[in-house]
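A quick write-up on the structure given underneath.
The values are calculated or read from the model by the stated rules, or taken from the named source; none is laboratory data. Please read these numbers as outputs of a predicted model, since none were measured by experiment. FYI the Cβ positions are ideal-geometry reconstructions off the backbone, even for glycines, and counts take in every protein chain you see.
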Amino acid sequence: MRLTIGQEEFISGLQAVQNVVSTRTTLPILANVLLCAEGKKLKMTATDLDVTITKTVKATVDEEGSITLPVKKLHSIAREVGGSQLNLVVKNDACTIESGAFSTRVNGLPAEEFPPMPEFQEQNSIILEQAKVKSMLRRTAYAVSIDENRYVLNGLFLSFKEKKITMVATDGRRLALTEEEAELPQENPTEIIVPTKAIQELNRQLGEEGEVEIKITENQASFSTGKKEEGEAQVITKLVEGAYPNYKQVIPAESKYRVTMDKEELLH
């Protein structure tokens, strides 16, 4: 593998994926980022086996290939380099990084040892505006439970049905709910529980423009943002197993009093 990439693009890609990597992993491969150079792109992937993040950035690829390298060390090196361009050359499971007079060698592990990515079918994918999803997360994610004994509440409930997306979070004391209209596939109304870590990582990837594509299988979900030719990001997560509580039971059907207040005055 041989490529040239801008320092900013390289750092941006590493920052997008490195948060998912655990510092306490017992598997050395999980401390690494998978680098795949193909065409005019460098695809970066990191995982903790529950949540997987990929980020694609532009690069000049002279020789295609792949390797896994320690993501934290790689990020530290990329930040210290003074030049605007990095040259990466991979040989015998090691990567030489050069920029101007700077040169260093980083040992890695074979790409074949990296956990395989799950596959998702294209049909019935859900397309939503990134800004809408980000706004809905902001209104609900804060109420997710952190009590590990209440596992089913350690995630955000998402419902896709009746041309409406619903997000719900509760810790048993407070409940946050928001709904938005959406163009959804006619078939297979879906309800899932997305774990907290995946929600946090998704929130980092979402912007105020563009769309997010959601694909769901029986026990996993994928959230893709951006365009492949411009720098796609993808968050793949295992779903929380179990049935979410019937939150509608705790919401009063009628309210005797309704109060309208100025938001800024309430906050201050």
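With respect to Thr25, determine if the residue is closer than 14 Å to Leu109 by Cβ, free of Cβ contacts under 8 Å to residues at least 60 places away in the same chain and either among the aliphatic types (A, V, I, L, M) or assigned to a strand (DSSP E or B) (or both). For Thr25, the condition - closer than 14 Å to Leu109 by Cβ, free of Cβ contacts under 8 Å to residues at least 60 places away in the same chain and either among the aliphatic types (A, V, I, L, M) or assigned to a strand (DSSP E or B) (or both) - is not met. I'd like to know if the stretch 231-253 contains one or more residues that are at pLDDT below 90, acidic (Asp, Glu) and surrounded by fewer than 17 Cβ atoms within 10 Å (Cβ to Cβ). No. Inspect all residues belonging to the stretch 67-75 and state whether any of them is modelled with pLDDT of 95 or more, farther than 27 Å from Lys197 by Cα, within 27 Å of the chain's Cα centre (by Cα) and of a type outside the set (S, T, N, Q). No; the residues of the stretch 67-75 include none that is modelled with pLDDT of 95 or more, farther than 27 Å from Lys197 by Cα, within 27 Å of the chain's Cα centre (by Cα) and of a type outside the set (S, T, N, Q). Only one of these is among the small types (Gly, Ala, Ser) and assigned to a strand (DSSP E or B): Ser66, Ser76. Name it. The unique qualifying residue is Ser66. Cβ-Cβ contacts under 9 Å between residues 6 or more apart (or on different chains), taken from a first residue in the stretch 58-80 that is touching a residue at least 60 places away in the same chain (Cβ under 8 Å) and surrounded by 15 or more Cβ atoms within 10 Å (Cβ to Cβ) to a second residue that is assigned to a helix (DSSP H, G or I) and not hydrophobic (A, V, I, L, M, F, W, C), are listed as Lys58/Glu9; Ser66/Glu112; Leu74/Gln18; His75/Gln15; His75/Gln18; Ala78/Gln7. Of the strands (runs of 3 or more DSSP E) lying entirely inside the stretch 95-189, the ones with 2 or more residues being under 24 Å from the mean Cα position of the chain (by Cα) are found at 126-129, 155-161, 164-170, 175-181.
When Val90 is tested against the conditions (1) out of contact with any Lys or Arg (no Cβ under 8 Å at 6 or more places or on another chain); (2) closer than 20 Å to Lys43 by Cβ, the lone failure is (1). The one condition from (1) within 27 Å of Leu206 (Cα to Cα); (2) surrounded by fewer than 18 Cβ atoms within 10 Å (Cβ to Cβ); (3) touching a residue at least 60 places away in the same chain (Cβ under 8 Å); (4) of a type outside the set (Asp, Glu) that Gly83 does not meet is (1). Being surrounded by 14 or more Cβ atoms within 10 Å (Cβ to Cβ) and in contact with a Lys or Arg (Cβ under 6 Å, 6 or more places away or on another chain) is not true of Ser135.
Report whether or not Val106 is farther than 28 Å from Leu35 by Cα and at pLDDT 90 or above. No: the conditions fail for Val106.
Residue count for the stretch 176-196 under the criterion of being closer than 16 Å to Phe157 by Cβ, of a type in the set (D, E, K, R) and in contact (Cβ under 8 Å) with a residue 24 or more places away in the chain: the result is 2.
Among the residues of the stretch 88-121, those identified as among the polar types (S, T, N, Q) and on the phi < 0 side of the Ramachandran plot are Thr96, Ser99, Ser103, Thr104, Asn107, Gln121.
Annotation: Ala176 fulfils all but one of (1) farther than 25 Å from Gly210 by Cα; (2) surrounded by fewer than 17 Cβ atoms within 10 Å (Cβ to Cβ); (3) among the small types (Gly, Ala, Ser); the unmet one is (2).
Is it the case that the stretch 224-233 has a residue that's in contact with a Gly (Cβ under 6 Å, 6 or more places away or on another chain), acidic (Asp, Glu) and assigned to a loop (DSSP other than H, G, I, E, B)? Within the stretch 224-233 (the criterion being in contact with a Gly (Cβ under 6 Å, 6 or more places away or on another chain), acidic (Asp, Glu) and assigned to a loop (DSSP other than H, G, I, E, B)), the answer is yes, since at least one residue qualifies.
Apart from one condition, Ser222 fits all of (1) within 14 Å of Phe157 (Cβ to Cβ); (2) surrounded by 10 or more Cβ atoms within 10 Å (Cβ to Cβ); the exception is (1). Can you tell me which residue is surrounded by the fewest Cβ atoms within 10 Å (Cβ to Cβ) among those in the stretch 24-50 that are hydroxyl-bearing (Ser, Thr, Tyr) and within 18 Å of the chain's Cα centre (by Cα)? The qualifying residue surrounded by the fewest Cβ atoms within 10 Å (Cβ to Cβ) is Thr47.
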